[in-house]
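To keep things clear, I will list the structure first and then write my remarks on it.
The values are calculated or read from the model by the stated rules, or taken from the named source; none is laboratory data. In this text the structure is predicted, and so the values were computed from the model without any measurement. When we count neighbours, we look across all protein chains shown, and the Cβ atoms used for this are built from the backbone with ideal geometry, even at glycine. For the accessible areas, the whole protein counts, side chains as well, though only heavy atoms, and no ligand, DNA or RNA atoms are used. Shrake-Rupley method; radii C 1.70, N 1.55, O 1.52, S 1.80 Å.
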Amino acid sequence: MKHLFTLAVSGLAAATAFGVADVPKASAQDQLTIVSWGGAYQESQRKAYYEPYMKEKGVKIVEEEYDGELGKLQAMKDAGNVTWDVLDVDMAHAIAGCDEGLLEELDYSRIGPKEKFLPDTVLDCAIGSIAYSTILAYDADVYKENPPVAIMDLFDTAKYPGKRGLLKKPFGNLEWALIADGVSREEVYDVLGTPEGVERAFKKLDTIKKDVVWWEAGAQAPELLANGEVVMTSAWNGRIGNAVKEGKNFKVVWDHQELDWDLWSIPVGTKNIDLAYDFIKFASDPKNMSQQSKYIDYAPTHVDAIGLIDPEIARNLPTYPENMKTAISLDWVFWADNNEELTKRFNAWLAQ
Amino acid sequence: MAVAETLPSLTIDGVPLKVKLARAERSRKLKAVGLVLPLFAFVVLTFLYPIVVLAQKSILNEETIGRLTRTNEALANWDGVSVPDEAAFAALAVDLKQAQERREASEIAKRINSEFSGAMSRFKSVTRKVADMESGPYKEVFLSSDEIWSDPALWRVIRSVSNTYTPYYWLTAVDLRQGAEGLERAPAGEAIFLDVYARTFWIAGVVTVLTLILGFPVAYLLATQPAHRANILMIFVMLPFWTSLLVRTTAWFVLLRSEGPLNDLAEMIVNNRFEMIFTRFGTIVAMTHIQLPFTLLPIYSVMKTIPPSHVRAARSLGAGPFHAFWKVYFPQTVPGIAAGCLLTFILCLGYYITPALVGGPRDQMVSYYVAYYMNNVINFGQAAALGMMLLIITMVLYWAYNRLVGIDKMKLG
Amino acid sequence: MSTSANSFVNFIDVQKSYDGETLVVKDLNLSIRRGEFLTLLGPSGSGKTTTLMMLAGFEVPTHGRIELDGREINNLAPHKRNIGMVFQNYALFPHMTVEENLGFPLAVRKLPKAEIDAKIDRALAMVQLSQMRKRRPAQLSGGQQQRVALARALVFDPKLVLMDEPLGALDKQLREHMQIEIKHIHQSLGVTVVYVTHDQSEALTMSDRVAVFNDGAIQQLATPADLYERPQNSFVAQFIGENNRLSGVVTELNGSHCRVKVGEAGDIRALPVGIGNVGARTTLSLRPERVRINPTNGACANQFEARVEELIYLGDHTRARVQVLGHANFVVKVPNAEGVPDLKPGSTIRIGWRTEDCRALDAF
């Protein structure tokens, strides 16, 4: 039930965002607060980075969790007491946080040469750490024969009856809706850029609306699948991979996977900026970076780290060529422009 | 005696009695003020001040304040329907250049983007372009960078945003917006908040009525049992009260799940499973459970003060048991019912975590959207407007309630 | 039990227990006459209130029968008994005006509006509160509330009215005034009243007869005068009025007289009431006002030396505490009239009393 508490606690924390801030630590110099997305993902970071870093540098790392609520950071900044030192962001939050002036513009001389990273992951305010993907997952014990194989099947309630889990955000879902409605992956954003295209996407979502259970925290997706609340769900591929390692018979559908990145960033106003750079440099070292894939099925962003991955593991990573065949590259410029309006629209649609 | 009545009364040392009295009373008053002051300061600091800040945020253009002053001046005489002249473009260019140097350009773009989708990327690219320019003309550069710059609708937004104050958040909170010809209703696909308010009040009302129906008989039982038995029963009522809200909500989550124990039981009895989690039903059940003591306790404590002799008197005067209860006992519990129900209703209006965990998307209440705008969208203005709106509606309801029931008649015990 | 022709209420072999172990009311037999003012008097826990509640119908007898007007009412619901009741704290309905309170029993009986109004008028006039019709109980003084409660209990013309310590919350002066008022109302209406109190002077002032309760049983049922002058046992003697007690042993018993040895030297002639044979222990009861100072020879069969310990001046009389026959708390009431000797603490005097004033009761 841990994820429920996470969700709940983050909600409560949000409600009191103005009020409560952490008490300043006695020796702020030796302590680094790193905020990430919780669950299996944070667990993999702990093993790959936090523990080795603490051991090597004698620095205490304090972990916190969030679900992308940059509002908390804004509130801390407004209050002049930013207690987050390093922040793990996805692409959308990296761009939004940079635009809002919440994230430091990075000085790459303190991290490493830009050209050593996958070009998509080198941003003004964030540097890529891993590639993850939003995929469709199902319980193979439920579908012994005729399992779902494509995104189309997510929308086929006749062939695959039952509840399905989806992330409670427009982004990713609208793209899949159009794909399932017959739009090719190259044309998705051209279509979605028009009012008719948006209409079309929501219409497609309408067909499964009453069968959807919406999730908000990454850990919820495998949980919903595990306790039978849903028969299939969208999920971040690493979360499913870890559930499989724990003995669940879950399978990933790589068809039209939506590739995204997680990146390191530094909040404006941190009191430990030097230490934060030091940590990001450590985590961006190819040798250290290649460790994370051992603990979760996410792929490194440093070109030198990619070669260090065990081929057995590589097959389960989103960047594996076989898995990439129909992958959608999410359009961040489109989402920066349209996220607010489409989210408003999405919320209104949800509430109807 | 006649003298004493006509002249001001004096004390023995000749000071007027009134002066002496005022002096004697002053230290007493100071003490009284001293006793109240800490709490008063606390309330002002932690309650009134945040409300004022919130109210401000809901009408301020915080992201653009003082950052588009030139543009604002240049657009003062613009007709609102044509493409603005070079002066306006130049003013915006200079404002953007300055904002870019201060790393504020994105905030302006985001603010405009929230009213005009797509402005974000256009602002960014044009800002990059004009940043390299020493001087104008700018209009050409803007228009060649994207056709959106010839859209008067975008300029209307820019003009509105360049003012210190904005009605935008409040209008959005009631599903209105500013169109070319004054106010208009938000399109059906975006209109959401009136629904959300109606739903919030509906859920709060249903939960209040349910807690009353369930709580009243229990309160009556508690109030009429001998003390030792009432105390044991009271512990059962209070037990959930002493458990954290989160734990109870999570417990309901487990209970209501489609693979949960309630459904297992249903499967056994009627061979069917019911959809209870992520529904309005689940939300109301969980909220009713959590709110029950809040309604029950004031009723109970009022009932405790009603002497049993009242019902006995009614009986001896010839009233049957029900008549005696209804005409003599029940009216005396009304102040408790009023207090309990008002408490529960107002608390229900602010529910966030319970609907979020056991409700579906159609069961989310106002607080959810407040949190959403604060955390996820970082739109404090919209969050503030929604919150203020709830506060105002609650106060209006409270006022109406006062007129109807009378707050002075309300008793917590 | 005998149910005489004009007896209105009968308790026949009534017992009551709340817990199934102890009896709160033990084998009660009581017959109340029509039109009588009967008081149940006793200390708290003596069973008097329980008796009243059984009559009102709020408690059910564990054993025995209760009859009202010749009809058994053991299982009759309270609202069907047509008994008016005045409660300890009045039990006025706070959410109703005086008028509504009085109208309540009438409306329940579905009387026509005009008749209700007339009855309310009459009842309020009776308690002199006609101008208070529209007030709520909270706006009335304690005495006024008491009178409203009284009017409410009478407004529907019940044949029997029960009063449970109705004057307990009033101050002394008001209480005495109300005692007289209630008595007058009783006399003018001819209604039967059963009145519960623990105040013996109240009981004596108001009642036709008083039933003294103790320990769940009636100790004595008699008129006020009989109760005071001729207590049947030492509990009653002690509970009603002031009383000097001397304990001793019976040495001689012959018809209308007996001799009792008190201490070493005391040999007292007394009236035998409730004593055993020669050699039994007894308590002598003697009212303080029956003790004379310096009695003329022959007037008193009992005469003893006493030492004045303390004098308290009380206006019409002086209370003298003296030591006699080894008892230090012997009280003598000396009227402040002419010809009364001047007493001084520490001085020795002679006191005496008549044989018939000194009652030999059960050993206490």
Calculated FRET efficiency for the pair residue B:171/residue B:62, C-beta based, R₀ 25 Å, to 0.05: 0.90
Summed residue charge, Cβ within 11 Å of residue A:305's Cβ, Lys/Arg positive, Asp/Glu negative: 0
Proximal aspartates and glutamates relative to residue C:16, as straight alpha-carbon distance under 17 Å, when same-chain residues fewer than 8 apart are discounted: C:27, C:59, C:67, C:72, C:215
Charge dipole of the protein assembly as shown about the Cα centre (unit charges at C-beta), most positive-ward option of A:352, C:123, B:240: C:123
Region B:193-412, Rg to Rh (Cα coordinates; Rh as Kirkwood inverse mean 1/r): 1.04
Stretchable slack from residue B:188 to residue B:51, in nm (0.36 nm times residue separation minus alpha-carbon distance): 46.2 nm
For chain B, calculated [θ]222 nm from helices alone, where every DSSP H run of n ≥ 4 adds -39500 (n - 2.57): -21000 deg cm²/dmol
Inter-part distance where region C:184-234 and region B:115-150 are each reduced to a Cα centre, Å: 107 Å
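Return the FRET efficiency for the residue pair residue C:125, residue C:173: r is the Cβ-Cβ distance, R0 is 25 Å, and the value is rounded to the nearest 0.05.
For R0 = 25 Å, the calculated efficiency reads 0.60.
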³J(HN,Hα), Karplus 6.51/-1.76/1.60, whole Hz, each residue of region C:54-67, x for Gly, Pro: 5, 5, 6, x, 8, 10, 9, x, 6, 8, x, 10, 10, 10
For residues of C:82-93, the mean tally of beta carbons on other chains within 10 Å: 5
Accessible-area composition of chain B, carbon plus sulfur, in percent [1.4 Å probe]: 66 percent
Dipole magnitude of region C:135-269 about its Cα centre (Cβ charges: Lys, Arg +1; Asp, Glu -1), debye to nearest 20: 380 debye
For residue A:167, residues with placed amide H under 5 Å, excluding near neighbours: A:215, A:234
Mean-position separation - Cα centroids, region B:151-220 and region A:153-216, in angstrom: 27 Å
Cut-off 15 Å (backbone N to label point 7 Å along Cα→Cβ of residue A:30), residues of region A:60-85: A:60-62
Between helix A:195-206 and chain A: long-axis angle, C-alpha atoms, 0 to 90°, nearest 10: 80 degrees
Contour minus Cα-Cα distance for residue B:79 and residue B:131 (0.36 nm per residue): 15.9 nm
Relative contact order [Cα under 8 Å, 6+ residues apart], region B:253-360, whole percent: 36 percent
Packing-based ranking, highest mean first, of C:182-189, A:218-225, C:284-291, A:94-101 given that Cβ atoms within 10 Å are counted: A:218-225, A:94-101, C:284-291, C:182-189
R0 of 51 Å, Cβ-Cβ distance residue B:150-residue B:43: FRET efficiency to nearest 0.05: 0.45
Size of charge dipole - chain B - debye, nearest 20, with Cβ of Lys, Arg +1 and Asp, Glu -1, no other charges: 2300 debye
Whole-angstrom gap from region B:253-310 to region B:335-401, using each part's C-alpha centre: 21 Å
Chain lengthening between residue C:312 and residue C:134 when straightened (0.36 nm per residue, less Cα-Cα): 59.1 nm
Label point distance in nm, residue B:392-residue C:319, each placed 7 Å from Cα along Cα→Cβ: 7.5 nm
Cβ charges +1 (Lys, Arg) and -1 (Asp, Glu), total dipole of chain C, debye: 580 debye
Farthest positive-ward along the protein assembly as shown dipole, Cα basis, beta-carbon charges - from B:54, B:272, C:285: C:285
Sum of side-chain charges, residue B:36 neighbourhood, beta-carbon under 14 Å (Lys, Arg +1; Asp, Glu -1): +3
Inter-label distance, nm, simple model (7 Å from Cα along the C-beta direction), residue B:247/residue A:310: 4.2 nm
Under-5 Å amide H pairs with residue C:8, H placed in peptide plane, nonlocal only: C:32, C:33, C:34
Computed label-point distance, nm, for sites residue A:142 and residue B:346 using a 7 Å Cα→Cβ extension: 4.5 nm
Ordering of B:180-191, B:73-84, B:276-287, B:52-63 by packing [mean C-beta count within 10 Å, highest first]: B:276-287, B:52-63, B:73-84, B:180-191
Integer Hz, Karplus 6.51/-1.76/1.60 couplings in order for region A:273-279, x for Gly and Pro: 5, 5, 5, 4, 4, 4, 5
Signed unit charges on C-beta, dipole axis of the protein assembly as shown, positive-most listed residue B:350, C:329, B:154: C:329
Proximal lysines to residue A:116, defined as alpha-carbon separation beneath 18 angstrom and excluding residues fewer than eight positions away on the same chain: A:281, A:287
Value of [θ]222 nm, deg cm²/dmol, for chain A, DSSP H segments ≥ 4, -39500 (n - 2.57) each, nearest 500: -11000 deg cm²/dmol
Reciprocal mean inverse distance between Cα atoms of region A:243-352 - Kirkwood radius, Å: 17.2 Å
10 Å Cβ neighbours from other chains, averaged over peptide B:372-384: 6
Surrounding net charge for residue A:286, when Lys and Arg each add one and Asp and Glu each subtract one, Cβ distance under 9 Å: 0
Where B meets A: accessible area buried, both sides, 1.4 Å probe, Å²: 4400 Å²
Amide proton proximity set for residue A:130, modelled H, under 5 Å, gap of 5+: A:262
Cβ neighbours within 10 Å from other chains - mean over A:331-337: 4
Residue pairs, from the table A:163/A:325; B:110/B:139; A:163/A:245; A:169/A:248; C:80/C:113; B:31/C:172, whose Cα atoms sit over 32 Å apart: B:31/C:172
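Sort B:150-160, B:87-97 by the packing proxy (mean of other Cβ within 10 Å over each peptide's residues), most packed first.
Result, highest mean first: B:87-97, B:150-160.
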